[in-house]
Amino acid sequence: MHDVSDPRNASILIDVNGELKPRSEAVVSVFDSGFMLGDGVWEGLRLHKGKLAFLDRHLDRLFEGAKAIAMDIGLSREALTERLYDNLDANGMTDGVHVRLMVTRGVRSTPYQDPRVIVSGATIVIIPEYKEPDPAIYERGLKLFTVHVRRGDPAVQDQKINSHSKLNCILASIQATQAGADEALMLDPHGFVATCNSTHFFIVRDGELWTSSGKYCLGGITRGVTLEVARKAGIPAIEKDFSLTDVYGADEAFVTGTFAGIVPVREVDGRRLDCPGPVTERLQKLYAERMDRDAEEQPRP
């Protein structure tokens, strides 16, 4: 899902370990764990009406992921929140901004997997950019292609960890792009629909909302909010195993993500869907209202 690039991003300040750097000078060591081994966790955040949308949930996921990989972030939630907002304030940013928050295990003394060779604290980088989805995608919808690359089972690499090791998703994205699609639809090890390469996937069948069981995908923040607002509005929202046959026979489909919210899908593997369908449009409104409420209620340092 491409954004409309913004010339203001050329002069943004990026936070590298608490120091604000111009874009051209924002660098990390070649010995950094993220560069060397994809060893770290990250979050994508959206700045909406001066607040980072659903920040608590994002920080929960970040700190849980860090704990799962036995990595010490080295900052409290409060200190990290302050650093995020200080960076946004330094850039004079209030809205229409996407933030990539990255935490890696830090600098290694030598190229080696064992974390005992770490010689620094965690590397924390914050990249805030003016970045808005192309408005046309909400009308046009996305074209999806089911790829052969599967989501691995938790014993291979648990997909619930939002790690820097994204090769699985990158390979899926390449295959979808080469097939002329916008995003890859990925199956789980049993052949059921799991998720897309960078977003979560939903279908609408007979007024019901279906998404995957969640066993083989990231605990999506927008996914979770979408399920909540649907249930509150009386739309049956079900997490379950379902197959491509169910997708091909669906009335509507859409994807969710922090960057673009809820985006309709017009086509999956050549099968046309109602786009944007009535349930999708209703959920887009409910999600937008919920995000506004979060911005009103959420404190900021």
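Please treat every number below as a calculation from the coordinates, not as lab data. Because the structure is predicted, anything quoted here is derived from the model rather than measured. Cβ coordinates were reconstructed from backbone atoms using ideal geometry, including for glycine residues, and neighbour counts include every protein chain displayed.
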- request: Arrange the following residues from fewest to most other Cβ atoms within 10 Å of their Cβ: THR110, THR146, THR226.
  value: THR110, THR146, THR226
message: For the stretch 6-132, take the convex hull of the Cα atoms, compute a quarter of its surface area, and give me that in nm², please.
response: 7.5
query: What number comes out for the charge environment of THR123, summing +1 per Lys or Arg and -1 per Asp or Glu over other residues with Cβ under 15 Å away?
result: -1
- request: Evaluate the relative contact order of the chain (contact order divided by residue number), counting alpha-carbon pairs under 8 angstrom at least 6 apart; express in whole percent.
  value: 19
message: Helix 77-90 against the longest principal axis of the chain: what's the angle in degrees, Cα atoms only, rounded to the nearest 10?
response: 90
query: Direction-averaged shadow area of the convex hull around the Cα atoms of the chain, nm²?
result: 15.3
message: Cα atoms only: what Rg and Dmax, in Å, come out for the stretch 145-301?
response: 15.4, 49
field: Semi-axis lengths (Å, descending) of the ellipsoid that matches the C-alpha gyration tensor of the stretch 202-259
entry: 17, 15, 10
- request: Nearest 5 is fine: what % of DSSP beta bridges in the stretch 137-295 come out antiparallel, could you say?
  value: 65
- prompt: Which of LYS51/LYS143; LYS131/LYS215; LYS143/LYS285; LYS49/LYS215 have a Cα-Cα distance over 25 Å?
  reply: LYS51/LYS143; LYS131/LYS215; LYS49/LYS215
statement: Here D for the stretch 84-149, in µm²/s, from Stokes-Einstein with a Kirkwood Rh over Cα pairs at 20 °C and 1.002 mPa s, works out to 135
